[in-house]
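Enquirer: Pasting a structure below so you can have a look.
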Amino acid sequence: MNCRRCGSPLRRPGDYCLSCETANCESVVVDFGTDRATLTMIGFEPEHPSDDFDPESLVLGETTITTVPDDGERTAQVQLRNFAGRVADEVRRKRPETVYAAGERPPLREARAQLHYEFYRVPDDDPVGAVLARRGESALEVVDAPAEAKIGGSHSTLIGERTGMKAILAAAGHPNVKKVIPGPIDAGGSGSRTGLRAKVTRADEHGNVRLLLRDGSSVQENRVVTTAGDRETGERVRADLNEVLVDAGFGERND
């Protein structure tokens, strides 16, 4: 494949061109398995596509990264981190606007932690098809700051204390979150469920959301300021934040 701007040959499909500093890949779709990850590179749509434009033509190519699963208590973590790191390195070669991911949660979660791109989950059954179907949606600003630096406001007490902080940090670590502002705790609710649970509510007209923490009868509503500018893009962030909370062990799969 050659660079779309200067024509220089690229080592791999969708690589960023170092000769003319041009991105050739708009997004990368990563389908994670237990022993391999398939990366599909999606190019930029023409500015004025014809009526018979085929979205499949945007697919630039695929790259497969393999690993050997390890069931050792300590070595398995090293294997997982290295596997996700190789995927992250391949993504960085492309410098895409957005990364989409599907498949096995552990390597997906680890790769998300190592990348600072707009990062979304897509359905497992046809991740590339899902991405092509949503083409044209603008990328959101990415906030490259530690999760701890995004937490502020006048309320410092959290439901569940350390556990509640872990849920807040999971949400704050999302690249499209600017700030998380903890709210007051309402201890007058009703509920018989034990253990802290978290859920992100529907976006408002500015694209911001609320993160609800529940622990027994106590409820805390925390404001989450995102980089989305409207309700539609805010809903994309909301859905992904709920996936993050599921991955972290606090959310519900039907949220």
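Enquirer: Of the conditions (1) surrounded by 15 or more Cβ atoms within 10 Å (Cβ to Cβ); (2) touching a strand residue (DSSP E or B) at 6+ places or on another chain (Cβ under 6 Å), THR66 clears all except one; give me its number.
Expert: Looking at each condition in turn, THR66 falls short on (1).
Enquirer: Quick one: ARG93 ticks every box in (1) under 15 Å from the mean Cα position of the chain (by Cα); (2) charged (D, E, K, R); (3) in a helix (DSSP H, G or I) bar one, so which box is it?
Expert: Exception for ARG93: condition (1).
Enquirer: Sticking with this structure for a sec: Do we have ARG193 as of a type in the set (Lys, Arg), open to solvent by 40 Å² or more (accessible area, probe 1.4 Å), at pLDDT below 90 and more than 16 Å from the chain's Cα centre (by Cα) here?
Expert: yes
Enquirer: Counting just the residues of segment 105-128 that are among the acidic types (Asp, Glu) and out of contact with any Ser or Thr (no Cβ under 8 Å at 6 or more places or on another chain), which one comes out least open to solvent (accessible area, probe 1.4 Å)?
Expert: Only one residue tops the list, namely GLU110.
Enquirer: Of these, PRO146, PRO106, which one is under 25 Å from VAL225 (Cβ atoms) and at pLDDT 85 or above?
Expert: That would be PRO146, the only listed residue that is under 25 Å from VAL225 (Cβ atoms) and at pLDDT 85 or above.
Enquirer: Right, another one. Return the pairs, sorted by first residue and then second, in which the second residue is in a loop (DSSP other than H, G, I, E, B) and open to solvent by 80 Å² or more (accessible area, probe 1.4 Å), the first residue lies in segment 125-148 and is touching a residue at least 40 places away in the same chain (Cβ under 8 Å), the beta carbons are less than 7 Å apart, and the residues are 6+ apart or on different chains.
Expert: Hits for this filter: ALA139/GLU97; VAL142/HIS116.
Enquirer: Out of segment 215-238, which residues are open to solvent by 50 Å² or more (accessible area, probe 1.4 Å) and either of a type in the set (S, T, N, Q) or farther than 14 Å from LEU158 by Cβ (or both)?
Expert: Hits for segment 215-238 are GLY229, ASP230, ARG231, GLU232.
A quick yes/no check of all residues on (1) in contact with a Ser or Thr (Cβ under 9 Å, 6 or more places away or on another chain); (2) among the β-branched types (Val, Ile, Thr); (3) open to solvent by less than 20 Å² (accessible area, probe 1.4 Å):
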{"residue": "CYS20", "(1), (2), (3)": "yes, no, no"}
{"residue": "GLY43", "(1), (2), (3)": "yes, no, yes"}
{"residue": "PRO46", "(1), (2), (3)": "no, no, no"}
{"residue": "ASP70", "(1), (2), (3)": "no, no, no"}
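Enquirer: Let me ask you something else. Taking only segment 9-18 into account, find how many residues are assigned to a loop (DSSP other than H, G, I, E, B) and exposed (fewer than 13 other Cβ atoms within 10 Å of the Cβ).
Expert: 2
Enquirer: Among the listed residues ALA102, ALA88, identify the single one that is open to solvent by less than 50 Å² (accessible area, probe 1.4 Å), under 25 Å from ALA239 (Cβ atoms) and outside any helix (DSSP H, G or I).
Expert: ALA102
Okay, residues lined up against (1) in contact with an Asp or Glu (Cβ under 6 Å, 6 or more places away or on another chain); (2) of a type in the set (Gly, Ala, Ser):
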| residue | (1), (2) |
| --- | --- |
| ASN2 | no, no |
| CYS6 | no, no |
| PHE44 | yes, no |
| SER57 | no, yes |
| VAL68 | no, no |
| GLY72 | no, yes |
| ASN82 | no, no |
| VAL99 | no, no |
| PRO107 | no, no |
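Enquirer: Out of curiosity, is GLU56 farther than 27 Å from ARG109 by Cα and touching a residue at least 40 places away in the same chain (Cβ under 8 Å)?
Expert: yes
The values are calculated or read from the model by the stated rules, or taken from the named source; none is laboratory data. On a predicted model such as this, the values are computed, not experimentally measured, just so you know. Don't worry about glycine lacking a Cβ; one is built from the backbone with ideal geometry, like all the others, and counts go over all protein chains shown. All accessible areas refer to the heavy atoms of the entire protein, side chains included, with ligands and DNA or RNA removed. Shrake-Rupley method; radii C 1.70, N 1.55, O 1.52, S 1.80 Å.
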